[in-house]
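The values are calculated or read from the model by the stated rules, or taken from the named source; none is laboratory data. Not measured: the values here are computed from a predicted model. Here the Cβ positions follow ideal geometry from the backbone for every residue, glycine too, while neighbour counts run over all protein chains shown.
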Amino acid sequence: MQPALIYDAIRTPRGRARADGGLTDISAFELLKTLYDSLAQRTGLDKNSVGDVILGCVTQMGEQGGNIAKTSLLYAGWPDAIPAMTINRFCSSGLDAVNIAAMKISTGQATCTLAGGIEMMSRVPMLSDQAAMFADANLALENRMLMMGSGADLIASLNNITRQQVDEIALQSQQRAAHARRENYFKSIIPVFNPSKNCWISEDECIRPDLTAADLAQLTPYFAQLGTTGVDALQLREHPHLKGISHVHTAGNSPAMADAASLVMLGDKSLQKQGLIPRARIRAATTVCTDPLQVVSGCAAATRQLLANQGLTSTDIDLFELHEAFAATSIKSQRDLSISAEKLNVNGGVIALGHPMGATGGIMLGMLLDELERRNLQTGVVATSGAAGIGTALLIERVCGR
């Protein structure tokens, strides 16, 4: 088994997923073409050396349907011979795409792969595919398949996490993201031209730099009404020691919906013959599934298992980029893993920056790598939560001399 090397990681800005968002006029094909073209120009990659392309996308319908990974390659004019597939592991899709692409390298099936994801949530709204397990409330309850916010409220209830604490995490995310954007820390962003609005989109749009604790405190719990439909009763039956479900998550301490795409280039050492220089290597990866009623607890569980498998603790890792799949998840991760606040999501997370579901994992990986390089550090863990308790974590290490 040879290590999969990360040669580059790029992304578009995250646009607000609404009519006035900077990317909403641009199709998924056009957005991905921007990244394909930029990657080829940045690296000088021989396109014919790409052995597979794997993209995450959660809502695969309309312009995101029909295997957007392959069809976007055709749209971008890349070689017909490149195979490609689109995967859906809920919000973990992008990071799982990277993991699968890395396995292609480590097992010798390919010398170069591309991975990442796409989600245009303003154009293909979340849940618009009407998946039965989400659309049919009775079916969802019977099979313990709950919405993400309901799971986050259960996590808060089980871990005695208060409304004040989740709002503090949200405010910290906003402040860190605003600082990082102002200081130009997000080096992996590729600007996108929007011809409809005749402007360049070069920064993440979801950040709210002027948000205050008082603003957050005024927001009403978003998932309390959903709880009355049988969700709270189900959760309390399975956790009878709880007296009730604490509905602490609001629009302000939940992930912001966004439009974006991400692309990660992986390969073996033979790519260095093309003059390419690796930035990091993937040391290990883990995928788990935990309690589906907690929905978004997989990020913490995957990170815990990854560290245990490698005989490591949080003190051995320089930086963590862990999915802010609602604020309570971040608090749980930090508590369970004893992660210093100075190591965790140091440039903000998806609460502030936006969560374009299928693209998020690749974006987070690029953010982690950029920050390791900026600080001249070596090791980092990136982890995401998907629905139904799914979680994936990767351990990366910078290549010496880069």
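None of Ile363, Ile396 is crowded, with 24+ Cβ neighbours inside 10 Å, in a helix (DSSP H, G or I) and in contact with a helix residue (DSSP H, G or I) (Cβ under 8 Å, 6 or more places away or on another chain) except Ile363. Can you confirm whether Ile100 is touching a helix residue (DSSP H, G or I) at 6+ places or on another chain (Cβ under 8 Å) and either part of a helix (DSSP H, G or I) or without any contact (Cβ under 8 Å) to a residue 40 or more places away in the chain (or both)? For Ile100, the condition - touching a helix residue (DSSP H, G or I) at 6+ places or on another chain (Cβ under 8 Å) and either part of a helix (DSSP H, G or I) or without any contact (Cβ under 8 Å) to a residue 40 or more places away in the chain (or both) - is not met. Restrict the check to the stretch 326-333 and report whether at least one residue is modelled with pLDDT of 95 or more, part of a loop (DSSP other than H, G, I, E, B) and either out of contact with any strand residue (DSSP E or B) (no Cβ under 6 Å at 6 or more places or on another chain) or on the phi < 0 side of the Ramachandran plot (or both). Among the residues of the stretch 326-333, at least one is modelled with pLDDT of 95 or more, part of a loop (DSSP other than H, G, I, E, B) and either out of contact with any strand residue (DSSP E or B) (no Cβ under 6 Å at 6 or more places or on another chain) or on the phi < 0 side of the Ramachandran plot (or both), which makes the answer yes. The set of residues in the stretch 127-146 that are buried (at least 16 other Cβ atoms within 10 Å of the Cβ) and in contact with a helix residue (DSSP H, G or I) (Cβ under 8 Å, 6 or more places away or on another chain) comprises Phe134, Ala140, Met145, Leu146. What number goes with the only condition from (1) modelled with pLDDT of 95 or more; (2) closer than 23 Å to Ser262 by Cα that Asp318 does not pass? The number of the failed condition is (2). Remark: Ala152 falls outside the filter, which requires a residue to be closer than 24 Å to Arg375 by Cα and surrounded by 14 or more Cβ atoms within 10 Å (Cβ to Cβ).
Where helices (runs of 4 or more DSSP H) sit wholly within the stretch 146-249, those with at least 1 residues that are modelled with pLDDT of 95 or more, under 24 Å from the mean Cα position of the chain (by Cα) and more than 27 Å from Ala301 (Cβ to Cβ) occupy 163-182, 213-217. Apart from one condition, Lys33 fits all of (1) outside any helix (DSSP H, G or I); (2) touching a residue at least 40 places away in the same chain (Cβ under 8 Å); (3) surrounded by fewer than 22 Cβ atoms within 10 Å (Cβ to Cβ); the exception is (1). Assessment of the stretch 301-315 against the conditions (surrounded by 24 or more Cβ atoms within 10 Å (Cβ to Cβ), over 14 Å from the mean Cα position of the chain (by Cα) and without any contact (Cβ under 8 Å) to a residue 60 or more places away in the chain) yields no matching residue.
So for the stretch 269-277 (the condition being modelled with pLDDT under 95 and touching an Asp or Glu at 6+ places or on another chain (Cβ under 8 Å)), does at least one residue qualify? Yes, the stretch 269-277 contains a residue that is modelled with pLDDT under 95 and touching an Asp or Glu at 6+ places or on another chain (Cβ under 8 Å).
Please determine whether any residue of the stretch 221-232 is loosely packed, with under 13 Cβ neighbours inside 10 Å and either free of Cβ contacts under 8 Å to residues at least 40 places away in the same chain or not β-branched (Val, Ile, Thr) (or both).
The first filter runs over the stretch 221-232 and keeps only residues loosely packed, with under 13 Cβ neighbours inside 10 Å, leaving 225, 228.
Next, only the ones that are either free of Cβ contacts under 8 Å to residues at least 40 places away in the same chain or not β-branched (Val, Ile, Thr) (or both) stay: 225, 228.
Yes, the stretch 221-232 contains at least one residue that is loosely packed, with under 13 Cβ neighbours inside 10 Å and either free of Cβ contacts under 8 Å to residues at least 40 places away in the same chain or not β-branched (Val, Ile, Thr) (or both).
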